[in-house]
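Comments concern the structure below.
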Amino acid sequence: MIDEEWLDRRISRGFDRADLRRILTCDHSEAEAVFEAARRLREEVFGRKAFIRAVVEFDNSCHCNCLYCGMRRENTETVRFKLNADQILSVARRAHENGIRTFFLQSAESDDYGAGWLADVITRIRELGMGVILCVGIHEAGALDLWYEAGARKFILKHETADGELFAKMKPGATLENRLSWLRTLREKGFDIGSGTLLGLPGQTIDSLVSDLVLMKELEVDMSSVALFLPARGTPLQDQPSGDVDLGLRFVAALRLYLGDPLIPATSTFERLREGGQLGCFQAGANVITVNMTPPGLRDDYQLYTDRFYVGLRHARRTIERAGLEETTESDLLG
Ligand code: SF4
C-alpha cells in the first residue's frame, strides 16, 4: 500500500524501477498520497510558487514525418505558415507587458528560416529583458553556437518515448540514440536541457514509461514534461484513442518525486481532455504553465493534434491561484 510512510522512505533512499511502476499503476486513494508528497517536495524546493511562460509557434513546415503529428511532411492538408521577426517581436512585447519574462520559441523541424535569422530574433527578445527557451528540433552544431551567443540558454528536445523500437516506428528515419546524443550535445554547448514524454502512444507500455523517467533522470534534465497523446486528423494515428489523464497525472507526480527539482509544466493536453486537468498537474507537482500567444488566425495550423486547447493568460493565472500558488517569474523561482 502506498502511503506517506512508503513515500517518505523512497524519497530519502531513492526510487527503483519497481517503485516507479507502483506509482504509475496505483489506485485512486494511493494517488492522493502520491500527489500530496509531490506537492510537499515541490514546496521544499521552490516554495509555494509557479511561473508563466509565453510560447509563439513561428513555423510549421517540417521535414520529419512523425506518425502522430498533424504537421508531418506527408500531411498535405496542413496549411504551412511562418511568422516574420516583427510579428514574433510584437508577441514578445505583449507578453512582457503582461509581466511574463520567459519567452518560448517553438517551431516544427525545418532549416528554411536560417540559423542567423533566428539568432537575430533571439537577440531582439533578450533586449526586451526576457529569457529565451528554444524548442525547434535538431539543427547543426554551428546553429546551436549562434543561438547560444545570441542569448538563448534553454533548449527543449523531447525524446517522446524511451522505447527505441517504438521511437523508430513513430518517427520514421530517426533514432532514439541520435536524439539522446543531441541532448548531450546541447548540454555540452552550455544549454539547460528539457525533455519529455508523449504518453498514450499506441504500443507504449508502463515499463517503457518507467524507462522514460529513468532516462530523464540519467540526462539530469532541467525541464521535464509529459503531454498526452491526442490524435491529429490526416495522420496514420488519427483513429487511435487519446492518452489516459489519470495515468498522466501520476506520471507528473512521479517526475517530481523521482527527479526532484526540474521545472515541470502543466501541459495543455490535460486541459483539452479534462476540464481542470492543468490544475490537476499543479496538484501533482507541476510548477510552470505556458500561455499560447501564436496569432489566432494561424495557430490552428500548428496542428500537433486536432482541436487544440489554447491556454490564455486569464486561465493560466486562475489555475495557479486555484492551486494555492503565487505567480512569480522564472528567475525569481530559480533564485
Ligand atoms: S512532431 Fe515535430 S518533428 Fe515530428 S512531424 Fe511534428 S513538428 Fe515535425
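The values are calculated or read from the model by the stated rules, or taken from the named source; none is laboratory data. It should be emphasised that the depicted structure is a prediction, and the values quoted were computed from it without experimental measurement. As a convention, Cβ positions derive from the backbone with ideal geometry for all residues, glycine included, and neighbour counts pool all protein chains shown.
The table for this structure:
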| read-out | value |
| --- | --- |
| Qualifying positions in region 156-182 - more than 13 Å from the ligand (Cβ to nearest atom) and part of a loop (DSSP other than H, G, I, E, B) | ALA162, ASP163, THR175 |
| Residues of region 183-214 satisfying the condition of being part of a helix (DSSP H, G or I), out of contact with any helix residue (DSSP H, G or I) (no Cβ under 8 Å at 6 or more places or on another chain) and not charged (D, E, K, R) | SER211 |
| Residue selected from region 43-86 under the condition closer than 19 Å to MET293 by Cβ and of a type in the set (Val, Ile, Thr), by the criterion nearest to the chain's Cα centre (by Cα) | VAL55 |
| Count of residues meeting criterion [surrounded by 18 or more Cβ atoms within 10 Å (Cβ to Cβ) and part of a loop (DSSP other than H, G, I, E, B)] in region 144-155 | 1 |
| Verdict on VAL91 being surrounded by 17 or more Cβ atoms within 10 Å (Cβ to Cβ), away from the ligand (no atom under 16 Å from the Cβ) and either at pLDDT 95 or above or at positive phi (or both) | yes |
| Flag for ASN65 being away from the ligand (no atom under 16 Å from the Cβ) and more than 21 Å from TYR310 (Cα to Cα) | no |
| Hits in region 114-140 (condition: on the phi > 0 side of the Ramachandran plot and either at pLDDT below 95 or within 16 Å of the ligand (Cβ to nearest atom) (or both)) | GLY114, GLY137 |
| Options ASN292, ASN287; residue that is in contact with a helix residue (DSSP H, G or I) (Cβ under 7 Å, 6 or more places away or on another chain), under 23 Å from ASP222 (Cα atoms) and within 16 Å of the ligand (Cβ to nearest atom) | ASN292 |
| Count - residues of region 215-242 that are in a strand (DSSP E or B) and either under 27 Å from SER331 (Cα atoms) or small (Gly, Ala, Ser) (or both) | 5 |
| Filtered residues of region 201-236 (kept if of a type in the set (Gly, Ala, Ser) and under 21 Å from LEU259 (Cβ atoms)) | SER208, SER211, SER224, SER225, ALA227 |
| Hey, GLU177 within 19 Å of LEU20 (Cα to Cα), charged (D, E, K, R) and at pLDDT 95 or above or not | no |
| Looking only at region 1-48, and only at residues there that are assigned to a loop (DSSP other than H, G, I, E, B) and aliphatic (A, V, I, L, M), the one that is modelled with the highest pLDDT | ILE2 |
| Boolean, ASP239 is touching an Asp or Glu at 6+ places or on another chain (Cβ under 9 Å) and modelled with pLDDT of 95 or more | no |
| Residues located in region 77-97, provided they are in contact with a helix residue (DSSP H, G or I) (Cβ under 6 Å, 6 or more places away or on another chain) and either touching a residue at least 40 places away in the same chain (Cβ under 8 Å) or in a loop (DSSP other than H, G, I, E, B) (or both) | PHE81 |
| For GLU74: the one exception among (1) loosely packed, with under 15 Cβ neighbours inside 10 Å; (2) of a type outside the set (Gly, Ala, Ser); (3) assigned to a strand (DSSP E or B) | (3) |
| Enumeration of residues in region 140-177 that are in contact with an Asp or Glu (Cβ under 9 Å, 6 or more places away or on another chain) and either free of Cβ contacts under 8 Å to residues at least 12 places away in the same chain or aromatic (Phe, Trp, Tyr) (or both) | PHE155, PHE167 |
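To keep it simple, each residue is scored yes or no on (1) away from the ligand (no atom under 12 Å from the Cβ); (2) buried (at least 21 other Cβ atoms within 10 Å of the Cβ).
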| residue | (1), (2) |
| --- | --- |
| ARG42 | yes, yes |
| ARG53 | yes, yes |
| ASP59 | no, yes |
| PHE104 | yes, yes |
| GLU109 | no, no |
| ASP112 | yes, no |
| GLY142 | yes, no |
